[in-house]
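The values are calculated or read from the model by the stated rules, or taken from the named source; none is laboratory data. Keep in mind that what you see is a predicted model, and the values were worked out from it rather than measured. Heads up, the Cβs are rebuilt from the backbone with ideal geometry, glycines too, and the neighbour counts pull from every protein chain shown. The accessibility values were calculated without ligands, DNA or RNA, using every heavy atom of the protein model including side chains. Shrake-Rupley method; radii C 1.70, N 1.55, O 1.52, S 1.80 Å.
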Number of protein chains: 2
Amino acid sequence: MDKFDRKILVALHENGRLSFAELARRVNLSAPAVADRVEKLERSGVISGYRAIINPEKLGYPIQCVIELTVKNLEYYGVVDKLKAMPEIIACDSITGSSGLMIRVAVDSMSTLQEVIARLMQYGDTKTSMVIDQPVPPRIPALREDD
Amino acid sequence: MDKFDRKILVALHENGRLSFAELARRVNLSAPAVADRVEKLERSGVISGYRAIINPEKLGYPIQCVIELTVKNLEYYGVVDKLKAMPEIIACDSITGSSGLMIRVAVDSMSTLQEVIARLMQYGDTKTSMVIDQPVPPRIPALREDD
DNA sequence: CGTGAAACTGATGCAGC
DNA sequence: GCTGCATCAGTTTCACG
């Protein structure tokens with residue numbers, strides 16, 4: 001993990017479809033050198049995949065919110081399966097603290113949101129917050145473009 | 001947005017580096033047809049970019065947590081700039097409710113976490129939860145592979 | 001790690017349906 | 001709007017220094 005690896009990660013985080021040739025130009029290395037480094041980053045698990053970023057808003061799901069779900073422990077694993085089966089849920093983290101689950105939801109309307117919350121209330125207490133904005137978009141930890 | 005567009009989105013969400021030729025094979029269309037559809041999805045904003053998925057754990061930041069920060073309104077915009085300057089913060093959402101900010105942090109150690117929390121406490125009350133697991137990994141809203 | 005050449009693959013435009 | 005083909009550019013991947 002030197003300066004070149006960091007540059008590669010930053011570049012691929014910003015545009016995951018860069019070719020090795022193009023990547024090589026941006027980080028000032030040769031294409032084979034870059035290909036070699038990327039392969040190592042992939043095999044070591046630092047890069048775990050590549051993904052198209054999809055905008056739920058443009059897909060017809062303009063409302064996003066975060067729901068903290070306080071589950072009763074016994075039902076825990078069953079709940080997770082139910083959550084996986086709900087297409088409105090676009091992410092879910094298991095966390096410490098009373099809540100237990102931090103769920104992210106994207107819906108088309110408030111009435112759908114109401115239905116989702118009603119279903120989640122079967123499994124425990126919910127605390128819902130609407131997502132207004134993303135002041136810090138997803139980024140790489142401790143890697144700024146300072147070279 | 002028909003069945004083919006959905007297949008394309010699912011495929012590119014799973015592997016953002018697929019070539020048009022390879023994508024065409026997977027969705028049973030010709031390469032030019034796929035290229036055309038992808039370009040439209042990009043221009044309409046449904047696909048807003050491509051990104052390498054980077055594993056903070058393998059980068060030396062094995063600890064992740066979510067911090068709800070209840071800020072005093074007056075300081076709000078100043079706070080966001082401070083957050084952007086903190087490399088340990090890998091994402092941040094502005095949300096409704098008392099908290100106001102939902103911050104995601106990746107750190108190398110508990111002592112670093114302690115420092116981060118200490119800094120955030122300058123701006124308001126904090127509620128920290130450790131992220132244990134990701135039962136539902138990030139996915140596309142309402143698009144299941146049902147074709 | 002860089003260079004240069006060779007081979008390949010994918011992208012693109014057009015005719016035709 | 002899609003297909004199939006042909007062409008062309010670009011990238012990947014060697015071997016070698």
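A few remarks follow.
- Of B:LYS58, B:LYS72, B:LYS127, all but one fail to be free of Cβ contacts under 8 Å to residues at least 24 places away in the same chain and of a type in the set (Lys, Arg); the exception is B:LYS58.
- All positions within the range B:1-16 that are within 10 Å of DNA strand D (Cβ to nearest atom) and surrounded by fewer than 16 Cβ atoms within 10 Å (Cβ to Cβ): B:ASP2, B:PHE4
- Of the set (1) within 16 Å of DNA strand D (Cβ to nearest atom); (2) facing chain B (nearest Cβ under 7 Å); (3) in a loop (DSSP other than H, G, I, E, B), all apply to A:LEU29 but (2).
- Top-ranked residue of the range B:2-37 - restricted to ones that are charged (D, E, K, R) and in contact (Cβ under 8 Å) with a residue 24 or more places away in the chain, ranked as nearest to DNA strand C (Cβ to nearest atom): B:ARG17
- Residue within the range B:43-62 that is surrounded by 13 or more Cβ atoms within 10 Å (Cβ to Cβ), assigned to a helix (DSSP H, G or I) and more than 19 Å from the chain's Cα centre (by Cα) present: no
- Test: residue in the range A:75-95 that is more than 11 Å from chain B (Cβ to nearest Cβ) and part of a strand (DSSP E or B): no
- Residue list for the range A:75-89, restricted to those being open to solvent by 20 Å² or more (accessible area, probe 1.4 Å) and without any contact (Cβ under 8 Å) to a residue 40 or more places away in the chain: A:TYR76, A:TYR77, A:GLY78, A:ASP81, A:LYS84, A:ALA85, A:PRO87, A:GLU88
- Candidates B:SER19, B:SER111, filtered to the one that is closer than 30 Å to A:MET1 by Cα, open to solvent by 10 Å² or more (accessible area, probe 1.4 Å) and within 16 Å of DNA strand D (Cβ to nearest atom): B:SER19
- Condition check for A:ARG104: basic (Lys, Arg), more than 7 Å from chain B (Cβ to nearest Cβ) and open to solvent by less than 60 Å² (accessible area, probe 1.4 Å): yes
- In the range A:16-45, the residues that are among the hydrophobic types (A, V, I, L, M, F, W, C) and under 22 Å from B:ALA11 (Cα atoms): A:LEU18, A:PHE20, A:VAL38
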